[in-house]
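A.B. asks: Before we start, here is the structure in question, set down as structure tokens.
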Amino acid sequence: MTDDPDRPADVHVRTGAGDPVPELTDDLLTELLDEPPDPECPFIVINRGEHEYIQTRLLPDGVYEIEHRADGSDEQFQVYTPDARLVRDVMWAWVDEDPWWHAAVAWYRVDPAVAEVQSVLRDFDELLGGMDVLDGIQASMDDALARADELLAMDLDELDAEPGESP
């Protein structure tokens, strides 16, 4: 997955809802960033090993969030940019292990509490496996509450009626 054929391809790429990319090239990365992302999962995640990664997410306002974490570190770093070309250059340099990616932008450390919340949310999303379980639960709860409101309204009308009168 790098330009150097002597190095092993130890980089794994996922897009959107977790779809793997079999072979990443510079041109394919450019194409992935040029295509409108899945609005539900506007991510490109590139992993090396178990914990080392770089990822980008296109935010609704058209700005990219790039985040990375080094292997063996709990610290995460981010940068925001509207420049898709910079995103591609930084991510490709990371894949190619060119130190330029780290020095090219002003990374800032993600607050550990925020990183923990993001980690829990990712774990929860992986646990659900992209299922829309919560949407179904929310719809069922909305229906149940609407029915409860109907029943309560009916009971109150019956309580207001005089004995022997029909509501």
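The values are calculated or read from the model by the stated rules, or taken from the named source; none is laboratory data. Computed from a predicted model, the values in this text were never measured in an experiment. Because the Cβ atoms are built from the backbone with ideal geometry, glycine has one as well, and the counts that use them run over all protein chains shown. We work out accessible area using only protein heavy atoms, side chains counted, and drop any ligands, DNA or RNA first. Shrake-Rupley method; radii C 1.70, N 1.55, O 1.52, S 1.80 Å.
A.B. asks: Might you check whether a residue that is in a strand (DSSP E or B) and out of contact with any Ser or Thr (no Cβ under 9 Å at 6 or more places or on another chain) occurs anywhere in the range 83-104?
C.D. replies: Within the range 83-104, none of the residues are in a strand (DSSP E or B) and out of contact with any Ser or Thr (no Cβ under 9 Å at 6 or more places or on another chain).
A.B. asks: Being at positive phi, at pLDDT below 90 and open to solvent by less than 50 Å² (accessible area, probe 1.4 Å) is true for just one of GLY62, GLY72. Which residue is that?
C.D. replies: GLY62
A.B. asks: If I ask for residues that are open to solvent by less than 50 Å² (accessible area, probe 1.4 Å) and at pLDDT below 85, which ones from the range 38-48 would you list?
C.D. replies: Once the filter is applied, which keeps residues that are open to solvent by less than 50 Å² (accessible area, probe 1.4 Å) and at pLDDT below 85, the range 38-48 yields CYS41, PRO42.
A.B. asks: Can you tell me which residues in the range 106-125 are part of a helix (DSSP H, G or I) and open to solvent by 60 Å² or more (accessible area, probe 1.4 Å)?
C.D. replies: PRO112, ALA113, VAL114, GLU116, VAL117, VAL120, LEU121, ARG122, ASP123, PHE124, ASP125, listed by residue number.
A.B. asks: Within the range 81-104, work out how many residues are among the aliphatic types (A, V, I, L, M), surrounded by fewer than 19 Cβ atoms within 10 Å (Cβ to Cβ) and free of Cβ contacts under 8 Å to residues at least 40 places away in the same chain.
C.D. replies: Total meeting the criteria: 4.
A.B. asks: Still on this structure, I have one more. Which condition breaks for GLN78 when tested against (1) surrounded by fewer than 18 Cβ atoms within 10 Å (Cβ to Cβ); (2) in a helix (DSSP H, G or I)?
C.D. replies: (2)
A.B. asks: Working only within the range 49-59, note down all residues that are open to solvent by 70 Å² or more (accessible area, probe 1.4 Å) and either touching a His at 6+ places or on another chain (Cβ under 9 Å) or of a type outside the set (Lys, Arg) (or both).
C.D. replies: Scanning the range 49-59 gives GLU50, HIS51.
A.B. asks: Could you say whether any residue in the range 142-151 is assigned to a loop (DSSP other than H, G, I, E, B) and either at pLDDT 70 or above or aromatic (Phe, Trp, Tyr) (or both)?
C.D. replies: The answer is no; no qualifying residue exists.
A.B. asks: Have a look at LEU24, LEU32 and point out the one that is in a loop (DSSP other than H, G, I, E, B), in contact with a strand residue (DSSP E or B) (Cβ under 7 Å, 6 or more places away or on another chain) and surrounded by 17 or more Cβ atoms within 10 Å (Cβ to Cβ).
C.D. replies: Exactly one residue qualifies, and that residue is LEU24.
A.B. asks: Continuing with the same structure: I need every pair where a residue in the range 41-55 that is free of Cβ contacts under 8 Å to residues at least 24 places away in the same chain has its Cβ under 8 Å from the Cβ of a residue that is β-branched (Val, Ile, Thr) and surrounded by 17 or more Cβ atoms within 10 Å (Cβ to Cβ), sequence separation at least 6 or different chains.
C.D. replies: Cβ pairs passing all conditions: TYR53/VAL45; TYR53/ILE46; GLN55/ILE44; GLN55/VAL45; GLN55/ILE46; GLN55/ILE66.
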